[in-house]
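Trainee: The structure's right below; bear with me while I get my questions together.
The values are calculated or read from the model by the stated rules, or taken from the named source; none is laboratory data. Here the structure is a predicted model, which is why all the values come from computation and not from measurement. Cβ sites come from the backbone with ideal geometry, for glycine too, and all protein chains shown count toward neighbours.
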Amino acid sequence: MKTTRRLFALLLAGGCALTAAGAMAATPAEVAQAEYDEVMQKTPDVDNGRRAYLTCAVCHLPEGWGSVDGTYPQIAGQLRTVIIKQLADFRAGNRDNPLMYPFSVPGILGGPQEIADVAAYVAQLPMTPHNALGPGTALERGKQLYEENCLDCHGADGRGDVAEHIPAVAAQHYPYLMRQFDMIRSGQRKNADSEMVKQIEGFGPAEQSAVLDYTARLRPPAEKLAVDGWTNPDFPHYVRDALGIRARPPAMPRTPTPSAEPPPAE
Ligand code: HEC
Ligand code: HEC
């Protein structure tokens, strides 16, 4: 009896040791969460964030507007907590992208303080009034789908949620939304929200296009949008178009020709 109890105690201790070892080999999601918590303790220095943003501008452009073909997302005006979470996820390997990864690592971006700084800088940049939209052919359906499936989390006007670090999706480039939606549904985007994955399970191509076209057309409050023709005065010497990144859709008639297909990637 006594031996059995001692054996049991031993087994229990062994089990605890194993759990402790398991906790030490943290998953990418846990590493990212720990860094997120650390960043949230810092007081951001926007001026230092502006300096750190210089490397980001190469791809996301000085304005943070990304590219209309959806390769580079618009990050201007994104919620601070979302930017922090995504940066922590990229560098912990909890979200994969070969372009973004090398610029997220500590050797380039810096530590938790620099993440706090650059996130604060990006969050206050005004957003493009000319993000890429979808075909515009099923907006009523898109509205209905959005209200039934997305609104609870992403907010009535696509404004996201700071406390829950749910991305603002209003005025994001339509092709980027399409690409992320595909990656979230297929499980390719590791940090996808499991509730969202369940919610979009039944979406076919027509529903996806409709809801994301509607989402891309949601307008942030006027004070978050840049005035037409705005360029970021913080980077007066930036050489534009060096990489051929298009921040604005090409000039075209106000009402694009109806088409069921998303615009082709450039
Ligand atoms: C070499 C190009 C490149 C550079 C430089 C770069 N990024 Fe990115 N970034 C990307 C790409 C591409 C994506 C989209 C990844 C994907 O498709 O999953 C991205 C995504 C992001 C996202 C996630 C946006 C979202 O809504 O999901 C954030 C935030 C971000 N970048 C911030 C930054 C910051 C801050 C810097 C500078 C420290 C930076 N990036 C530098 C290419 C780059
Ligand atoms: C249960 C809450 C929830 C629901 C419902 C939900 N989402 Fe999400 N969504 C999230 C969260 C949380 C993320 C960010 C996950 C992460 O990377 O941390 C996200 C990410 C996204 C992204 C990627 C954004 C970016 O900037 O990278 C898109 C696009 C998106 N959702 C669209 C939708 C659409 C459209 C619907 C409805 C059809 C929807 N979501 C329903 C919670 C939700």
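Trainee: Would you point out the residue of region 75-105, among those that are within 8 Å of ligand 1 (Cβ to nearest atom) and of a type in the set (S, T, N, Q), that is nearest to the chain's Cα centre (by Cα)?
Mentor: Gln86
Trainee: Among the residues of region 172-183, are any within 22 Å of Glu223 (Cβ to Cβ) and either touching a strand residue (DSSP E or B) at 6+ places or on another chain (Cβ under 7 Å) or at pLDDT below 95 (or both)?
Mentor: No, the conditions are met nowhere in region 172-183.
Trainee: So Ala226 fits all but one of (1) more than 10 Å from ligand 2 (Cβ to nearest atom); (2) within 24 Å of Lys85 (Cβ to Cβ); (3) hydrophobic (A, V, I, L, M, F, W, C); what number is the exception?
Mentor: For Ala226, the failing item is (2).
Per-residue answers, yes or no, for (1) free of Cβ contacts under 8 Å to residues at least 40 places away in the same chain; (2) in contact with a helix residue (DSSP H, G or I) (Cβ under 6 Å, 6 or more places away or on another chain); (3) not aliphatic (A, V, I, L, M):
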site: Tyr36; (1), (2), (3): no, yes, yes
site: Val68; (1), (2), (3): no, no, no
site: Gln113; (1), (2), (3): no, no, yes
site: Val118; (1), (2), (3): no, yes, no
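Trainee: I would also like to ask the following. Quick one: which of Ala23, Ala13 is surrounded by fewer than 11 Cβ atoms within 10 Å (Cβ to Cβ), under 32 Å from the mean Cα position of the chain (by Cα) and at pLDDT below 95?
Mentor: Being surrounded by fewer than 11 Cβ atoms within 10 Å (Cβ to Cβ), under 32 Å from the mean Cα position of the chain (by Cα) and at pLDDT below 95 holds for just one of Ala23, Ala13, which is Ala23.
Trainee: Also: Working only within region 135-163, note down all residues that are within 16 Å of ligand 1 (Cβ to nearest atom) and either in contact with a Cys (Cβ under 8 Å, 6 or more places away or on another chain) or small (Gly, Ala, Ser) (or both).
Mentor: Across region 135-163, the qualifying residues are Gly155, Gly158, Gly160, Asp161.
Trainee: What about Glu195, is it surrounded by fewer than 16 Cβ atoms within 10 Å (Cβ to Cβ), away from ligand 1 (no atom under 16 Å from the Cβ), more than 18 Å from the chain's Cα centre (by Cα) and not polar (S, T, N, Q)?
Mentor: no
Trainee: Could I ask something else about it? Given the criterion within 9 Å of ligand 2 (Cβ to nearest atom) and in contact (Cβ under 8 Å) with a residue 40 or more places away in the chain, identify the matching residue among Gln172, Gln208.
Mentor: Gln172
Trainee: Is it true that some residue in region 137-148 is in a loop (DSSP other than H, G, I, E, B), surrounded by fewer than 19 Cβ atoms within 10 Å (Cβ to Cβ) and of a type outside the set (Lys, Arg)?
Mentor: Yes: one or more hits.
Trainee: Which of the helices (runs of 4 or more DSSP H) contained wholly in region 59-127 include at least 1 residues that are within 24 Å of Asp182 (Cβ to Cβ) and within 15 Å of ligand 2 (Cβ to nearest atom)?
Mentor: 80-92, 101-104
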